[in-house]
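Participant: What follows is a single structure, and I will ask about it in a moment.
The values are calculated or read from the model by the stated rules, or taken from the named source; none is laboratory data. Just so it is clear, the model here is predicted, and its values are computed rather than measured. Cβ coordinates were reconstructed from backbone atoms using ideal geometry, including for glycine residues, and neighbour counts include every protein chain displayed. When the accessible area is computed, the model is the full protein with side chains, heavy atoms only, and any ligands, DNA or RNA have been set aside. Shrake-Rupley method; radii C 1.70, N 1.55, O 1.52, S 1.80 Å.
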Amino acid sequence: MATLLKHSAKYALSGRLARLGVHSRHGGLQCLQPRLLPHQRSASTSSKILVEMDDSTGIAVLTMKNPPVNSLSLDFLTEFSISLEKLELDRGCRGVILTSALPKIFSAGLDIMEMYGKSPEHCGEFWKAVQEMWLRLYGSSMITIAAINGSSPAGGCLMALACDYRIMAENPKYSIGLNETQLGIVAPFWFKDTLVNTVGNRAAELSLQLGLLYSAPDALRTGLVDLLVPEDKVLSTASQTMTQWLAIPGENAIGSNPRVSSS
Ligand SMILES: CCCCC/C=C/C(=O)SCCNC(=O)CCNC(=O)[C@H](O)C(C)(C)COP(=O)(O)OP(=O)(O)OC[C@H]1O[C@@H](n2cnc3c(N)ncnc32)[C@H](O)[C@@H]1OP(=O)(O)O
């Protein structure tokens, strides 16, 4: 089941890339264009996502840049999933760091404008894109680390939860959590499951029923994030942590993850 999830998530979107006509030097699909530095390459794969890949380390940094708050619109989610799929198909890429280009905000969650006054067809497409984003991240065969450099409510929190490890800026003004209840909506079961897998049953129950948004220190206490660091160290710490994870022999860091190995 675990392997199935990994593989189905990995290949579910490959048809979309093929339709976009993006091909690679491996005979598969192209990840990124070459850059001037010999050991690195980098490309802005879309208007809302910047992907910087370091060939020498196998680490890619995926930076969300969808002002004003990195809300997860249909366009954004589509670009996000395509960017992640390109990295998944790049044999040289072993780890992805997810972060934000915007000051004070990681992601404001689902784009509220996508959910009101839209046709059922549009809502269906939007919801499918939300699920694809989650499947891509949660089922990734790469190590994924969220470098949370700002607030991250609701769907933004889900994105972070879908990563293997979460490092947050230790700014007490930043908040994170699945606060859907406070918005008058119920988080879908797979939002809940992702939270339970991270913080455990009781903390997840309280968190979801009360729609709690945690300050960065409280998020660390409850296990919602794994590490707090000064704001200007979030990305560098994520890189160091990734290097440590990638040094685990074989694919053991992925294979030892209970969400993957026990299902
Ligand atoms: C149908 C079932 C769905 C179940 C699951 C749902 C999951 C979700 O993710 S629902 C979305 C939940 N997200 C939120 O409720 C976040 C709301 N936003 C905020 O809390 C704050 O905006 C902030 C903490 C993210 C940032 O605060 P601040 O820096 O003070 O910025 P502003 O509040 O002034 O916002 C700037 C600008 O951005 C617009 N905006 C904020 N959030 C969203 C969003 N989620 N979608 C679309 N647009 C958003 C906000 O309206 C402002 O716009 P302007 O007034 O035009 O400047």
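Participant: If I filter segment 45-65 down to residues being part of a strand (DSSP E or B) and under 14 Å from the mean Cα position of the chain (by Cα), which single residue comes out as surrounded by the most Cβ atoms within 10 Å (Cβ to Cβ)?
Facilitator: Across segment 45-65, the extreme among qualifying residues is A60.
Participant: Please enumerate the residues belonging to segment 107-125 that are near the ligand (Cβ under 9 Å from one of its atoms) and on the phi < 0 side of the Ramachandran plot.
Facilitator: Hits for segment 107-125 are S107, A108, L110, D111, I112, M113, E114, M115, C123.
Participant: Among what's in segment 168-207 and is away from the ligand (no atom under 16 Å from the Cβ) and of a type in the set (D, E, K, R), pick the residue that is surrounded by the most Cβ atoms within 10 Å (Cβ to Cβ).
Facilitator: E170
Participant: Moving to a separate point now. Can we say L158 is under 30 Å from P249 (Cα atoms) and away from the ligand (no atom under 13 Å from the Cβ)?
Facilitator: For L158, the condition - under 30 Å from P249 (Cα atoms) and away from the ligand (no atom under 13 Å from the Cβ) - is not met.
Participant: Restrict the check to segment 142-150 and report whether at least one residue is open to solvent by 50 Å² or more (accessible area, probe 1.4 Å), in a strand (DSSP E or B) and within 11 Å of the ligand (Cβ to nearest atom).
Facilitator: Checked segment 142-150: no residue is open to solvent by 50 Å² or more (accessible area, probe 1.4 Å), in a strand (DSSP E or B) and within 11 Å of the ligand (Cβ to nearest atom).
Participant: For segment 91-104, enumerate the residues that are surrounded by fewer than 24 Cβ atoms within 10 Å (Cβ to Cβ) and either assigned to a loop (DSSP other than H, G, I, E, B) or away from the ligand (no atom under 16 Å from the Cβ) (or both).
Facilitator: Hits for segment 91-104 are R91, G92, C93, R94, A101, L102, P103.
Participant: To continue, here is another question. Run A154 past the list (1) open to solvent by 30 Å² or more (accessible area, probe 1.4 Å); (2) under 22 Å from V69 (Cβ atoms); (3) in contact with an Asp or Glu (Cβ under 7 Å, 6 or more places away or on another chain) and report the number of the one that doesn't hold.
Facilitator: (1)
Participant: Is one or more of the residues making up segment 131-140 more than 20 Å from I185 (Cα to Cα), among the small types (G, A, S), in contact with a Lys or Arg (Cβ under 8 Å, 6 or more places away or on another chain) and not in a helix (DSSP H, G or I)?
Facilitator: Yes.
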